[in-house]
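Reviewing the structure listed below.
The values are calculated or read from the model by the stated rules, or taken from the named source; none is laboratory data. This is a predicted model, so every value here is computed, not measured. Cβ coordinates were reconstructed from backbone atoms using ideal geometry, including for glycine residues, and neighbour counts include every protein chain displayed. These area figures cover heavy atoms from the full protein model, side chains too; ligands, DNA and RNA do not enter into them. Shrake-Rupley method; radii C 1.70, N 1.55, O 1.52, S 1.80 Å.
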Amino acid sequence: MRAAQTVRTAGASGPTRPRAAHPVLWAAFAALAGGAVLCVLGWYGVSGERFAERQLPYLASCTVPGAALIVAGAVLLTHGRSALAAARVEELYGLLVATGTTEADERPKAPVATSGALLMVPGGTLWHRADCPLVAGKPEAVPADATILAAGALAPCPVCEPGRPEPGAPPATPEPAPGP
């Protein structure tokens with residue numbers, strides 16, 4: 001049912017997106033505009049009459065229907081926006097389900113880096129393994145200072161998950177990268 005409210009954007013196999021203009025929204029804006037025009041005409045007619053019995057036809061024919069159109073337009077506007085939001089949520093859910101199954105199978109179960117050497121970036125808040133993708137190839141990465149690590153000033157990197165070095169152990173030096 002919701003598929004009728006979407007339009008293709010990138011060919012037959014491309015993603016779908018909600019239409020830019022929902023018909024319920026157009027009806028809501030038309031009802032609001034028509035109600036506003038009727039209320040203005042009713043006010044103008046009432047303001048030109050001195051006696052209450054001559055003002056009553058303007059109230060009955062313009063102001064009351066105008067107010068009813070404004071209320072109906074507000075209801076349609078709320079319904080149209082919620083329907084559009086629901087269509088967008090369904091589209092996003094479809095994208096999440098479609099890509100979530102393939103990415104869940106591709107995630108590595110073990111840490112990304114396996115080197116024993118620990119590095120840190122001056123001014124940073126994390127310590128890393130030497131082959132962590134966040135510090136690999138960065139010339140500003142220096143061997144981690146054991147006193148800083150022991151003080152707890154740095155946190156372990158969530159990507160490479162380095163272990164805390166044992167106290168008294170010499171700092172590991174980064175292995176040189178294999179050459180061509």
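Specify which of the listed residues (Ala68, Ala85, Ala72) is in contact (Cβ under 8 Å) with a residue 12 or more places away in the chain, surrounded by fewer than 14 Cβ atoms within 10 Å (Cβ to Cβ) and closer than 15 Å to Ala28 by Cβ.
So the residue among Ala68, Ala85, Ala72 that is in contact (Cβ under 8 Å) with a residue 12 or more places away in the chain, surrounded by fewer than 14 Cβ atoms within 10 Å (Cβ to Cβ) and closer than 15 Å to Ala28 by Cβ is Ala68.
Output the number of residues of the range 20-31 satisfying the condition of being open to solvent by 50 Å² or more (accessible area, probe 1.4 Å) and either modelled with pLDDT of 80 or more or of a type in the set (Phe, Trp, Tyr) (or both).
The number of residues fulfilling the criteria is 4.
Given (1) modelled with pLDDT under 85; (2) within 30 Å of His22 (Cβ to Cβ), where does Gly137 come up short, assuming only one miss?
All conditions are met except number (2).
Here is a list of conditions, (1) touching a residue at least 60 places away in the same chain (Cβ under 8 Å); (2) open to solvent by 70 Å² or more (accessible area, probe 1.4 Å); (3) not β-branched (Val, Ile, Thr), and Glu91 meets all of them except one; can you say which number that is?
Glu91 satisfies every listed condition except (2).
Find the residue count for the range 40-90, including only residues that are among the acidic types (Asp, Glu) and in contact with a helix residue (DSSP H, G or I) (Cβ under 6 Å, 6 or more places away or on another chain).
The total comes to 2.
Give the residues of the range 45-102 that are touching a His at 6+ places or on another chain (Cβ under 6 Å) and modelled with pLDDT under 80, sorted by residue number.
The answer is Leu84, and nothing else.
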